[in-house]
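Here is the structure we will look at, set down as structure tokens.
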Amino acid sequence: MILAGDVGGTKVHLALYDFIDGKLKHARDKQYPARQYTGLEEIVREFLGADKVIAACFGVPGPVRNGRLRLTNLPWTLDSRELSAGLEIEHIFLINDLEANGYGLAELSAEQIYTLSEGDASQIGNRALIAAGTGLGEGYLVWNGHSHVPYPSEGGHVD
């Protein structure tokens, strides 16, 4: 099983996936009010119960440095090594939440996308990624000649 998570200042949304025939298959998901918990490890333990996970990735609001970050809107510090040891999940990754969204865009079907304003489909280049939540997330997708590669930005933390 693979665990995916979106950690925000208001809520933590976790989803569990199975890997079947080379594709991810959604097993279940649940949202938790972040401020009612002491940290991410407590939420993950409650969500997983007896389920065993081989890898987990969490999109987190802020810059991740050396697998660690201090959340802006919660009194939590997250460290991938500490989470890995505490949850007994061998592979845990913390990445910026907009970077995670950038990777997820390629997995969306046409029915899951709502177009606000049609652009010129013949134009290929870099893209902006903006997400309003507890804060304003900003990222960008850089065209490398073959695909768009997501990069985080902390533009939402400027005056």
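Only the coordinates and a few stated rules stand behind these numbers; no lab work does. Here the structure is a predicted model, which is why all the values come from computation and not from measurement. FYI the Cβ positions are ideal-geometry reconstructions off the backbone, even for glycines, and counts take in every protein chain you see.
Starting with the fewest neighbours, write out LEU87, LEU14, LEU116 ranked by other beta-carbon atoms found within 10 Å of each beta-carbon.
Placing the least packed residue first, the sequence is LEU116, LEU87, LEU14.
What net charge is computed for the residues neighbouring GLY5, neighbours being all others with C-beta under 11 Å from the C-beta of GLY5, Lys and Arg scored +1, Asp and Glu -1?
Neighbourhood net charge equals -1.
Within segment 89-156, which GluC sites (Glu not before Pro) sit in a loop by DSSP and count at most 16 neighbouring Cβ atoms inside 10 Å?
GLU90, GLU107, GLU118, GLU154
Only one of the values (i) 9.7; (ii) 11.1; (iii) 8.5 was calculated from this structure for mean projected area of the Cα convex hull in nm²; name its label.
(ii)
Using a 10 Å cut-off around each Cβ, can you sort PHE58, PHE47, PHE19 from fewest to most neighbouring Cβ atoms?
PHE19, PHE47, PHE58
Of the DSSP beta bridges with both residues in the chain, give the percent that are antiparallel, rounding to the nearest 5. It would help to have the intermediate numbers written out before the result.
On the way: 32 of 43 bridges.
Taking every DSSP beta bridge within the chain, about 75 percent pair in antiparallel fashion.
Taking neighbour counts of Cβ atoms within 10 Å as a proxy for exposure, in what order, fewest first, do ASP6, ASP21, ASP51 appear?
Working: ASP6 20, ASP21 5, ASP51 11.
Sorted ascending by nearby Cβ count, the order is ASP21, ASP51, ASP6.
Counting Lys +1, Arg +1, Asp -1, Glu -1, what net charge surrounds ALA34 among other residues with beta carbon under 12 Å of its beta carbon?
Spelling it out: positives minus negatives among the neighbours equals 0.
So, counting K/R as plus one and D/E as minus one, what does the shell of residues with Cβ under 14 Å around LEU78 add up to? Present the calculation step by step, with values, prior to reporting the outcome.
On the way: positive: ARG65, ARG68, ARG70, ARG81; negative: ASP6, GLU41, GLU42, ASP79, GLU82, ASP97.
So the environment of LEU78 carries a net charge of -2.
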